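K.L.:
My questions all concern the structure below.
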Amino acid sequence: AQALIGWLNCAGGGAAPATSIQSADYIHEMNEVMGRGRGVGVHLVSPLRLEGIEYQMAVRLAPQGASVSVGSMPIMGITAPIHPAGAFTIAVAEVLGSWLALRLFLGLERVGFSLDAYSADLRTGNFVYGNPEQKLLDLIKRDVNAYYGVSKPPRSMYSMARRPGAQSCAEMAALVTVDALCGVRRFCGVNMAVDELCCPEQYVLAREMMHS
């Protein structure tokens, strides 16, 4: 359902998370039916470990024509240094090292990459989206990726809210405003409670907010 909503309503197509090899095969077959390209996102295990289910998906699906994109999720103060410079240094080491490993050691040809860093609530250790600190990291991320010739869209529609309503719309509106002032004209990524919730009602609210 999540993928179908995206296919029918978003110019960039639908997306749905694959949590196993079997679900990845099924989702990629759906992409082919809808005329969408096949792709696998490999998120490394920070710090500095190329392993996990997404790596296994890439090894399985790349020979079938799927493109592979490598990224990582270093979290400041948790799996990376507390400062943005240190966190992005970890990201560069993880991503470029894994990109080279996939291309040179496994012989995969269609491999891209992007660089990222994340914030956390150090009182609880919880991952945080939709806060000012994460938006500052987004702005740094834009420049770091541009240095390597990579274009990575910002997280314009993220919220820590667990239900649609005032909090989710206010956080998303604030992030969209910052991105718009920085020149962004394409906004994506409606995610709630980090990215644990798929909420069709929030999709409708976000669409109405962007067209108001």
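K.L.:
For Lys135, work out the one condition from (1) assigned to a loop (DSSP other than H, G, I, E, B); (2) under 28 Å from Cys169 (Cα atoms) it doesn't fulfil.
P.N.:
So the condition that Lys135 fails would be (1).
K.L.:
If I go through region 88-133 residue by residue, how many of them are open to solvent by 40 Å² or more (accessible area, probe 1.4 Å) and touching a Ser or Thr at 6+ places or on another chain (Cβ under 6 Å)?
P.N.:
2
K.L.:
Test each condition in (1) within 22 Å of Glu32 (Cβ to Cβ); (2) buried (at least 16 other Cβ atoms within 10 Å of the Cβ) for Gln64 and report the one that comes out false.
P.N.:
Failed condition: (2).
K.L.:
Let me ask something additional. Considering every residue within region 180-193, establish whether at least one is part of a helix (DSSP H, G or I) and either within 17 Å of the chain's Cα centre (by Cα) or over 20 Å from Gly41 (Cβ atoms) (or both).
P.N.:
Yes, because at least one residue in region 180-193 is part of a helix (DSSP H, G or I) and either within 17 Å of the chain's Cα centre (by Cα) or over 20 Å from Gly41 (Cβ atoms) (or both).
K.L.:
Looking only at region 158-177, count every residue that is open to solvent by 50 Å² or more (accessible area, probe 1.4 Å) and of a type outside the set (Gly, Ala, Ser) and tell me the total.
P.N.:
The qualifying residues number 4.
K.L.:
Going through Glu208, Glu171 one at a time, which residue ends up being in a helix (DSSP H, G or I) and either touching a Leu at 6+ places or on another chain (Cβ under 6 Å) or without any contact (Cβ under 8 Å) to a residue 24 or more places away in the chain (or both)?
P.N.:
Unique residue meeting the criteria: Glu208.
K.L.:
Just one of the numbered conditions (1) modelled with pLDDT of 80 or more; (2) small (Gly, Ala, Ser); (3) under 27 Å from Phe88 (Cα atoms) is not true of Gly189; which one?
P.N.:
(1)
K.L.:
Considering Leu96, Leu104, which residue is touching a strand residue (DSSP E or B) at 6+ places or on another chain (Cβ under 9 Å) and aliphatic (A, V, I, L, M)?
P.N.:
The unique qualifying residue is Leu96.
K.L.:
While we're on this one: Please specify each residue of region 67-85 satisfying the condition of being more than 30 Å from Arg123 (Cβ to Cβ) and surrounded by fewer than 22 Cβ atoms within 10 Å (Cβ to Cβ).
P.N.:
Ser67, Ser69
K.L.:
Given the conditions (1) at pLDDT 90 or above; (2) under 27 Å from Gln22 (Cβ atoms), report the number of the one that Glu51 does not fulfil.
P.N.:
It fails just one condition, (1).
K.L.:
Going residue by residue through region 137-157, is there one that turns out to be open to solvent by less than 30 Å² (accessible area, probe 1.4 Å) and in contact with a Pro (Cβ under 7 Å, 6 or more places away or on another chain)?
P.N.:
yes
K.L.:
Which one is most open to solvent (accessible area, probe 1.4 Å), of the residues in region 192-212 that are modelled with pLDDT under 75 and within 22 Å of Leu139 (Cα to Cα)?
P.N.:
Asp195
The values are calculated or read from the model by the stated rules, or taken from the named source; none is laboratory data. On a predicted model such as this, the values are computed, not experimentally measured, just so you know. Virtual Cβ from ideal backbone geometry, glycine too; neighbours counted across all protein chains shown. When the accessible area is computed, the model is the full protein with side chains, heavy atoms only, and any ligands, DNA or RNA have been set aside. Shrake-Rupley method; radii C 1.70, N 1.55, O 1.52, S 1.80 Å.
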